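Input: a single structure, listed below in structure tokens.
The values are calculated or read from the model by the stated rules, or taken from the named source; none is laboratory data. Just so you know, these numbers come straight off a predicted model, no measurement behind them. Here Cβ is always computed from backbone atoms with ideal geometry, including for glycine, and neighbour counts include all displayed protein chains.
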Ligand code: 5GP
Ligand code: ZN
């Protein structure tokens, strides 16, 4: 837990969010500034600051995050038409919150890139 981290505080419930999924390792909630009709953030409970900090010991957790994203995409009715999963890393990647997360975007055509 990183004290000043927004997503750590969302994980603990200290900061409120529109939570759509929770298990022992992962939570998912609606992005506060949605860029598409469906815009969820899939977040590990454990603080990992960015995709650049992921190592091989995190392989199970990373697979779990992707499986949850896929389950949520099906649940949100995105599986047939498609969706986008995005993980931004560092300043050039446009990362704003330094707690690892995947964006799940869908519900409209997203073009080549967001
Ligand atoms: P990044 O740019 O780091 O990949 O994405 C961070 C995302 O977190 C942004 O899309 C932003 O709208 C979202 N976000 C930032 N603060 C909050 C918050 O307090 N609550 C929620 N639900 N989303 C947030
Ligand atoms: Zn954190």
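Brief remarks follow.
Rundown of residues vs (1) within 11 Å of ligand 1 (Cβ to nearest atom); (2) more than 24 Å from residue 107 (Cβ to Cβ), yes/no style:
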{"residue": "5", "(1), (2)": "yes, yes"}
{"residue": "17", "(1), (2)": "yes, no"}
{"residue": "33", "(1), (2)": "yes, no"}
{"residue": "37", "(1), (2)": "no, no"}
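- In region 19-48, the residues that are on the phi < 0 side of the Ramachandran plot reach residues that are at pLDDT below 95 and surrounded by fewer than 16 Cβ atoms within 10 Å (Cβ to Cβ) with C-beta atoms within less than 7 angstrom, at least six apart or across chains, in these pairs: 35/114; 47/1; 47/2.
- Whenever a residue of region 84-98 is at negative phi, its partners that are loosely packed, with under 15 Cβ neighbours inside 10 Å and part of a loop (DSSP other than H, G, I, E, B), lying with C-beta atoms within less than 7 angstrom and at least six residues away or across chains, give the pairs 84/114; 86/114; 88/94.
- For region 89-114, filtering for residues that are surrounded by 17 or more Cβ atoms within 10 Å (Cβ to Cβ) and within 13 Å of ligand 1 (Cβ to nearest atom) leaves 9.
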